[in-house]
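Data first, discussion second: the structure below is written as structure tokens.
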Amino acid sequence: MQPSAKLGFILLLTPLLLWLALLIFIPHVDMFLVSLRERVGVGKYDTSLANYRTFFTEPLYLWTFLRTAVMSVVATMITLIIAFPVSYYIAKIARGRLQSALFLLCLIPFYVSELVRTFGWMILLRETGLVSNLLQWAGLADQPVEMLYNDAAIMVGLVYTSMLFMMVPLVTTLESLDDSVIEAGYDLGGTGFSVLREIVIPHAAPGIVSGCIVVFMLSLGNYLTPTMLGGKDSLWFTELIYSQFIVRFNWELGAAFGFMLLLLSSLIVWGMLKITGQTLEKTMG
Amino acid sequence: MIPTIPQPRAIRFAYGAYVVLFFVYLALPLTVVAVFAFNDSQFPSLPWEGFTWNWFFGAERPQIGVFHERGILRAIGTSVFVAVCVSVLSVAVGLSNAFLFNRYQFRGKGLLYVIMLLPLVIPGIVLGISILVFSSTVANAAWDMAEWDIEALRPGMLLVVLGQFSFIATIASLVISARLQKFDQTLEEAALNLGATRLTAVRTITLPFLMPALIGALVVAFLMSFENFNTTLMLVGSDAPLTITMFDRLKEGSTPLLNAVSLLLMLGSSLLALAMIIFQRRR
């Protein structure tokens, strides 16, 4: 490289390295180190796995962790099942203005804060809410029905909140599927179902994977929706992290929880990429 | 299932109905939030007590409107300030990253690119606590070594900006990179042949070409910062941005005031998004 090009290179590299080192890499290493500390006295710490031991031996912690993981997987699958037909409709069936209008309509709700979306569901689902009133009016219930503060409400909120992140990659990949390929499938004697299974889904795989990864991540790390829509028994793992950090001020245990959450999400993302043979650059970039 | 292949009418109808139902589902929560902003009652729920503008303009208890509610106005101010800082910073770093990854070949480039994508797959709350832990480590070290109290490293505005920047910068980099990849580099070479310096060439040729992506990244970064919750929650100090303030209010119980704020938010972000789309179409 010429000296001037080298200078330019260094100038461009510096912000990137500063950002990744100071805000991503070192903080995570530091968090891991803190999670390995055990408080043995005032301002005195030992290095030990005590926090991780607490995590694995306290049933509430482990149970919440597993529950959060399973419910995030379920939320991801429901989102995929609801979003796929609509994405297919937008990408392959709607044409021209209708197509771009529908796609825009999908985007609008997500320019609005997640808090507002969750608030909307609260107004709909609570005891004095619209759904409860509607049921009473229709004669299906004879008293107010409380639909908030349970796992189903959390699920509704999670699916709603992450819908867009499934739709956008799905529509994009499905749009690139040539109509003639589908026609060829039918010409060769395929039925609607076999064309879907043999042609459409394999073609959409990168979109499905990247949508699922993002939705899973967002559900796993969500704090707002489970807190607002969930009840006393529907604890989410992020709520444990928050309470260790902010309420109990036990940063060591909180850091261990944070690390476990990071580990779980990385494992699942990595696993999904491996199973489907995708790479992070291709699905995110 | 494409238009050129005939399907039974019943299936087509069912499919269409499903899509309609889906859009009703998308619109429903936002519609109720908007409608109940005008309910003349203390609660954003049925029964409907009549139409009022009080939750926007009311100046007296019990119906103090958005424009007379100091706490909310201050929170909006904080949010705008944070969002401007985050979006400008993210676009600046994103632009630099786009040039770095498009124009230079160096060892470890692929690895660095993957690391740059990682913030997108780290849960927001983990980003928040890791930055919180690290900044307090630094602050404590500064105090232990020199009795130097760095107030800025305690939870507050600076940490909120840094925390949001740490993942929004990735998105800005991707948006700008995608556009720079489409740039025909011979245009820049032509400018150089005509006697321009490298900096002039970039400023007069490349940057105008990138402008739609820069504006797009700026708007997206602004909106993402404005509505960020998870990362902000862990790093917030005494001056809370709007989402955190609204969350605290919502926990105490909701009044249509929150609906009014939400409606303004919806209008604001839709207008911003629409303006961006129109700007990019015109190009």
Does at least one position in the stretch A:266-282 carry a residue that is among the acidic types (D, E), within 8 Å of another protein chain (Cβ to nearest Cβ) and surrounded by fewer than 22 Cβ atoms within 10 Å (Cβ to Cβ)? yes
From the option list A:L235, A:L220, single residue qualifying as under 25 Å from A:V34 (Cα atoms) and more than 12 Å from chain B (Cβ to nearest Cβ) is A:L235
Inspect the stretch B:212-235 for any residue being touching a strand residue (DSSP E or B) at 6+ places or on another chain (Cβ under 7 Å) and in a helix (DSSP H, G or I) and give the result as yes or no. no
Residues satisfying the stated conditions in the stretch B:206-221, i.e. free of Cβ contacts under 8 Å to residues at least 40 places away in the same chain and buried (at least 20 other Cβ atoms within 10 Å of the Cβ): B:A213
Subset of the stretch A:142-163 (residues that are within 29 Å of A:S87 (Cβ to Cβ) and touching an Asp or Glu at 6+ places or on another chain (Cβ under 6 Å)): A:T161
When you go through (1) surrounded by fewer than 22 Cβ atoms within 10 Å (Cβ to Cβ); (2) farther than 30 Å from A:A5 by Cα one by one for B:V114, which number turns out not to apply? (2)
In the stretch A:256-285, the residues that are free of Cβ contacts under 8 Å to residues at least 24 places away in the same chain and on the phi < 0 side of the Ramachandran plot: A:L263, A:S266, A:L267, A:W270, A:G271, A:K274, A:I275, A:T279, A:L280, A:E281, A:G285
Only residues that are of a type in the set (A, V, I, L, M, F, W, C), outside any helix (DSSP H, G or I) and closer than 17 Å to A:P226 by Cβ: list them for the stretch A:117-150, please. A:M147, A:L148
Among helices (runs of 4 or more DSSP H) lying entirely in the stretch A:5-94, which contain 1 or more residues that are within 11 Å of another protein chain (Cβ to nearest Cβ) and farther than 17 Å from A:Q244 by Cβ? A:26-35, A:59-88
Being of a type outside the set (S, T, Y), within 12 Å of chain B (Cβ to nearest Cβ), surrounded by fewer than 22 Cβ atoms within 10 Å (Cβ to Cβ) and touching a residue at least 40 places away in the same chain (Cβ under 8 Å) is true for just one of A:L107, A:L125. Which residue is that? A:L107
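Residue-wise test of (1) surrounded by fewer than 16 Cβ atoms within 10 Å (Cβ to Cβ); (2) within 14 Å of chain A (Cβ to nearest Cβ).
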| site | (1), (2) |
| --- | --- |
| B:Q185 | yes, no |
| B:A196 | no, no |
| B:L223 | no, yes |
| B:D239 | no, no |
| B:D248 | yes, yes |
| B:L257 | no, yes |
| B:L263 | no, yes |
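Laboratory data are not the source of any read-out in this text; all were calculated from the coordinates shown. For clarity, every value in this text was computed on a predicted model and none was experimentally measured. Neighbour counts are summed over all protein chains in view; Cβ atoms, including those assigned to glycine, are modelled from backbone coordinates with ideal geometry.
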